[in-house]
1. Could you list A:148, B:413 so that the one with the fewest beta carbons within 10 Å of its beta carbon is first and the one with the most is last?
2. Report the net charge of residues surrounding residue B:398, where surrounding means a beta-carbon distance below 11 angstrom and charges are Lys +1, Arg +1, Asp -1, Glu -1.
3. State which entries of B:170/B:425; A:77/B:281; B:397/B:425; B:266/B:425; A:81/B:306 exceed 26 angstrom in Cα-Cα distance in the structure shown.
4. Would you work out the Kirkwood radius for region A:62-177? I mean one over the mean of 1/r across all pairs of different Cα atoms, in Å.
5. Specify which residue in the list A:129, A:73, A:57 is farthest towards the positive end of the charge dipole of region A:24-177, using unit charges on the beta carbon of Lys, Arg (+1) and Asp, Glu (-1), about the Cα centre.
6. Would you work out the charge dipole size for region A:111-177 about its Cα centre, treating the Cβ of every Lys and Arg as +1 and the Cβ of every Asp and Glu as -1, and quote it to the nearest 20 debye?
7. Can you list the trypsin sites (Lys or Arg not before Pro) in region B:201-258 that are in a DSSP coil and have 13 or fewer other beta carbons within 10 angstrom?
8. Residue by residue through region B:307-314, what is 3J(HN,Hα) from phi via Karplus (6.51 cos²θ - 1.76 cosθ + 1.60, θ = phi - 60°)? Round to whole Hz and write x for glycine and proline.
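Taken together, the values in this text are just the output of simple stated rules run on the coordinates, not laboratory data. This one's a predicted model, so the numbers in the text were calculated from it and none came from an experiment. Heads up, the Cβs are rebuilt from the backbone with ideal geometry, glycines too, and the neighbour counts pull from every protein chain shown.
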Amino acid sequence: MSMRNALLIAASGLAVASAVTFAAESPNLGRAATPEEIASWDISIGPDGVGLPPGSGTSKQGEAVYAAKCTACHGEKGAGKPNDQLVGGQGTLSGDKPPVKTVGSFWPYATTVFDYVRRAMPHNESKSLTNDEVYAVVAYILNLNGIIADVDMMDARTLPAVKMPNRDGFVAFSRGK
Amino acid sequence: MTADRSTIHESDLDIVAGNGLLHRRMFLTAGTAAAAAVASSALPNPAAADVLPVEPWMKVPGSGFVGYGQPSKYEDKVARIWNTAPGTTGTGAARTPLHLLDGMITPNGVHFERSHSGIPDINPDTHRLLIHGLVKRPLIFTLESLERYPRESRVAFLECGGNGQLLYQKEPAAVGVQAIHGLVSCAEWTGVRLSVLLQEAGVDPKAKWILAEGADAAGMSRSIPLAKTMDDALIALYQNGERVRPSNGYPMRLLLPGYEGNMNVKWLRRIKLTEGPTMTKDETSKYTITLPDGKSLQFVLPQEGKSVITRPSPGLTMKEPGLYEISGLAWSGYGKVTKVEVSADGGKSWAKAALQPPLLSKALTRFRIPWRWNGGPAVLQSRATDETGYVQPTREKMIATRGSRTIYHSNAITAWAISDKGEVKHVYA
């Protein structure tokens, strides 16, 4: 197939319908990704927890991680300032006062906390925490919010089972509603 | 019509709405004649003894060639302004100086930028794009390999989901269009259809979403409906004819025409096909619209129909009464802009502005309308309608619908008040 035809098919929006033909006549210049290559980059964790790595941590262990790596930006015990507040705010989403959106009051999935801390935190050296440290610091933040107990161990099995207070607080948008 | 207008006189200019708005075609079809007619009666005579100076640059050779040109040194005010998160230099947003630009295209150097952990310094030779998840063949692409794919160009606006958030404030912010609405820009993006790469990987019928992830330190990531990626998504490699700027995703970014800016993932390194959304930080704790009852709207994907007057606007003082052009930008993530109306009397009466071609779907549209300012107070507003019939709401209506417990997707009508001194300021009207 000529480049021109490839362009026409891509532009026509018929790419789905003509999948078989198209794939066969496409440039096909990607190379196969190995499972090892995928594993080294595949750090996203969905709400079902699939892909959570081995390791574990408790709130007690997380307290030390938090003090060393997080307090400077997020304050003592997640109180916030100079950057985002992580603790408190439950019951503020409706009403007249501005909502206080924290992990405890707003985040619908505990898996998202793991995903985000592991990929993006600490801000100046992201992806530097061990999996145990991530589990521990997530446990600490959940515990400060009263969502899990001091002794609760967070791991690939327990973390997705945590029910966040605002789990049912989201509605899929549709225009005009 | 043009012939009819060749003998136009000031008294013939069509007043089409209150406080001096003139017919939109006055400039476009009879501009020269009308301006001349007005000028002959309105402009003061120059001082008789002045001569036109022969300036130094008219007498010696100018400077030599340079490899990459820059704007005139006299245009240094045409610059972005930004705010950053405490303790960071590159986490925040830089806003486009809309009031100092014209046309529909944003120059690359002042395209708005929202970054979540600075601008990564990516070596294009080692950058990789991984496509995996619910596919038959997980694939890795280099920039070099993508360059051999058929490309296409698409003019598209990008708007941050948080643009216009100051309009949710109780009192009007004493700032201008750049600070309020500067998180929107428009460029010609050129690249490879994402659907082509997904077809090569072989989409599993169970896949309904993708996760797109950046190579920045924040690993910025968003979930996107698969249908959108098969419809019109591009892996953009070029921006206004040159390589995508580092601040806009070099060497490659996702372009989802019409969708919330944050979803157009910059520095794209990974696409994972999934059954459902991944529920990333930026689609749960951020970029959701919290309603008065405390529930939050999630996956508010296209940007709504919207417009704003860029000239006159705060910072651009009107010197004297007379004929002016009111001009601005309109856009909709749902398609083409079909109408922009302008009011000069705080919304009591409206006149249709001229829409300047090309009128492209999901691109900025420039509108213009002539206005005779009588030197008295005026309140200027613009109101866009898109091809679905959606009409841009007043601020009052937007807040009645959504409340003001959010900072996202603000698309209300913006009002600029002109004082009798010609000063322009942001007001609620």
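1. Details: A:148 22, B:413 26.
Least to most surrounded, the residues fall as A:148, B:413.
2. On the way: positive: B:306, B:395, B:397, B:402; negative: B:304, B:396.
Computed value for this residue: +2.
3. Numbers: B:170/B:425 16 Å; A:77/B:281 20 Å; B:397/B:425 22 Å; B:266/B:425 35 Å; A:81/B:306 34 Å.
Beyond 26 Å: B:266/B:425; A:81/B:306.
4. Details: mean 1/r = 0.0676 Å⁻¹.
Here the Kirkwood hydrodynamic radius works out to 14.8 Å.
5. Selected residue: A:73.
6. Working: 8 positive and 8 negative charges, 109 e Å.
Computed charge dipole of region A:111-177: roughly 520 debye.
7. On the way: sites: B:206, B:208, B:222, B:228, B:243, B:253; in loops: B:206, B:208.
Of the trypsin sites (Lys or Arg not before Pro), the ones in loops of region B:201-258 whose Cβ has at most 13 other Cβ atoms within 10 Å are B:206.
8. 7, 7, 7, 9, 8, x, 7, x
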